[in-house]
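The structure under discussion appears below in the form of structure tokens.
The values are calculated or read from the model by the stated rules, or taken from the named source; none is laboratory data. Nothing here was measured: the structure is a model prediction, and the numbers come from that model. Cβ atoms come from the backbone with ideal geometry, glycine included; neighbour counts cover every protein chain shown. Heavy atoms of the whole protein, side chains included, go into the accessibility calculation; ligands, DNA and RNA do not. Shrake-Rupley method; radii C 1.70, N 1.55, O 1.52, S 1.80 Å.
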Amino acid sequence: WEGYELPAAEPAEEKKVAKLKEDTTKIEPVRPQSAEERRHVWNHTRIKICERIWGAGYVTPGGTEHVMKLVKPFALNPKMSYLDLGAGLGGGARAVADAYGMWVTAMEPHEVLAEAGMEQSTLAGMAKKAPIIAYDPESIELRANGFDCIFAKEAFYTVVDKRHLFSTIVKALKSHGQMIFTDYFLAKTDHMEDATRNWVAHEPIRPEMWSVKQMREHLEKLKLEIRIEDDMSKEMCDLILRGWLEAIQNFRPGQLEADEGLALLAEAELWARRLAALESGDVRLYRMHVLKR
């Protein structure tokens, strides 16, 4: 990429820029996004680009090695029932099913992702062992006492009605069942730094983040025992940077169609904003491991 000095902005342009900055810092209350609206967040071009960046079967940083590290405290075995509530394309769900000989239920809130993930599970011969199912996190209902383990990777931070979601999850866990999830949290709820406001204003689905304190108090209210509360923000930043470094080395001039190039640029901007929010210290990424008493 070649950089060029741009001419100084005209006064009228400076006003436009100032207005844009002002608009992106206004955080208005929103309603939950409908299933139809979520369909437009993903398309096949974006999925293809994300897999080039993060690896086959994945649309976020980490890959199989990272997922296996996250679920290790479960001490999984083939007799356990396992639910993944943020399956994406199902790469992690298929890896767990294969590694532990388990039957996995994998659910994904974006229907386009779920459809593409189910196609991948079918091609891998795992349509029954690791199916990918679309669901609405705002109104989800699960089988009571249906699961030994529930896993979710950055699946809750855009959910508006978290209380309903977690109440449903608790009912779905068996006695002494476990949940491990990673999610984005606000360091403080009374103020957002500019980097966070910029991220929130431009996300395809606006983050509705709690603080770690809010989450901890709610989990304890639900009589869930917190076993692990781990700040993984630095590790997430490293995963983002490593993924993009490898992607840059793999992409070659002339490889991409015009729509793919635009999708790559949009993805780069999205992750640059997420990275800036994490590096500001205003947003943290935590792993939590809880046990149903």
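Looking only at residues in region 50-62 that are in a helix (DSSP H, G or I) and open to solvent by less than 20 Å² (accessible area, probe 1.4 Å), which one is nearest to Leu239 (Cα to Cα)?
It comes out as Ile53.
Does Thr189 satisfy the condition of being open to solvent by 50 Å² or more (accessible area, probe 1.4 Å) and under 30 Å from His40 (Cβ atoms)?
Spelling it out, Thr189 is indeed open to solvent by 50 Å² or more (accessible area, probe 1.4 Å) and under 30 Å from His40 (Cβ atoms).
Results for (1) open to solvent by less than 80 Å² (accessible area, probe 1.4 Å); (2) at pLDDT 95 or above; (3) more than 30 Å from Asp190 (Cβ to Cβ), shown as yes or no for each residue.
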{"position": "Glu246", "(1), (2), (3)": "no, no, yes"}
{"position": "Arg252", "(1), (2), (3)": "no, no, yes"}
{"position": "Gln255", "(1), (2), (3)": "no, no, yes"}
{"position": "Ala268", "(1), (2), (3)": "yes, yes, yes"}
{"position": "Ala272", "(1), (2), (3)": "yes, yes, no"}
{"position": "Tyr286", "(1), (2), (3)": "yes, yes, no"}
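Considering region 173-202 alone, what residues qualify as being under 19 Å from Arg227 (Cα atoms) and not polar (S, T, N, Q)?
Selection gives Leu173, Lys174, His176, Gly177, Met179, Ile180, Phe181, Asp183, Tyr184, Phe185.
Cβ-Cβ below 6 Å, separation at least six or inter-chain, first residue in region 231-243 and among the polar types (S, T, N, Q), second surrounded by 17 or more Cβ atoms within 10 Å (Cβ to Cβ): which pairs?
From region 231-243, the pairs are Ser233/Leu278; Ser233/Arg284; Ser233/Leu285.
From the residues in region 154-178 that are among the basic types (Lys, Arg) and in contact with a helix residue (DSSP H, G or I) (Cβ under 9 Å, 6 or more places away or on another chain), which one is nearest to Arg31 (Cα to Cα)?
The extreme case among them is Lys162.
Please indicate, with yes or no, whether at least one residue in region 11-24 is modelled with pLDDT of 95 or more and assigned to a helix (DSSP H, G or I).
No, region 11-24 contains no residue that is modelled with pLDDT of 95 or more and assigned to a helix (DSSP H, G or I).
Only residues that are touching a His at 6+ places or on another chain (Cβ under 9 Å) and either surrounded by 15 or more Cβ atoms within 10 Å (Cβ to Cβ) or at pLDDT below 95 (or both): list them for region 146-176, please.
Correct list: Asp148, Lys153, Lys162, Phe166.
Residues that are touching a helix residue (DSSP H, G or I) at 6+ places or on another chain (Cβ under 8 Å), over 28 Å from Thr168 (Cβ atoms) and of a type outside the set (A, V, I, L, M): find the helices (runs of 4 or more DSSP H) completely inside region 195-293 holding 1 or more of those.
Result: 233-250, 258-279.
Checking the condition over 20 Å from the mean Cα position of the chain (by Cα) and of a type outside the set (Ser, Thr, Tyr), which residue from Met102, Met118 passes? Don't jump to the end; show me each part of the working.
On the way: Met118 fails: over 20 Å from the mean Cα position of the chain (by Cα).
Of Met102, Met118, the one residue that is over 20 Å from the mean Cα position of the chain (by Cα) and of a type outside the set (Ser, Thr, Tyr) is Met102.
Would you point out which residue out of Asp183, Asp136, Asp98 is buried (at least 21 other Cβ atoms within 10 Å of the Cβ) and of a type in the set (Asp, Glu)?
Asp183
Do you know which of the residues in region 26-49 that are in a loop (DSSP other than H, G, I, E, B), open to solvent by 60 Å² or more (accessible area, probe 1.4 Å) and at pLDDT below 80 is farthest from Gly117 (Cα to Cα)?
Applying the filter and picking the extreme gives Lys26.
Considering Ala268, Ala247, Ala272, Ala258, which residue is among the small types (Gly, Ala, Ser) and over 15 Å from Pro61 (Cα atoms)?
Going through Ala268, Ala247, Ala272, Ala258 in turn, just one is among the small types (Gly, Ala, Ser) and over 15 Å from Pro61 (Cα atoms): Ala258.
Go through region 63-79 residue by residue and tally those that are open to solvent by 30 Å² or more (accessible area, probe 1.4 Å) and either touching a Cys at 6+ places or on another chain (Cβ under 6 Å) or not aliphatic (A, V, I, L, M) (or both).
Quick first cut of region 63-79, residues open to solvent by 30 Å² or more (accessible area, probe 1.4 Å) only: 64-65, 68-69, 72-73, 75, 77-79.
Restricting the remaining residues to those that are either touching a Cys at 6+ places or on another chain (Cβ under 6 Å) or not aliphatic (A, V, I, L, M) (or both) gives 64-65, 69, 72-73, 77-79.
Final tally of qualifying residues: 8.
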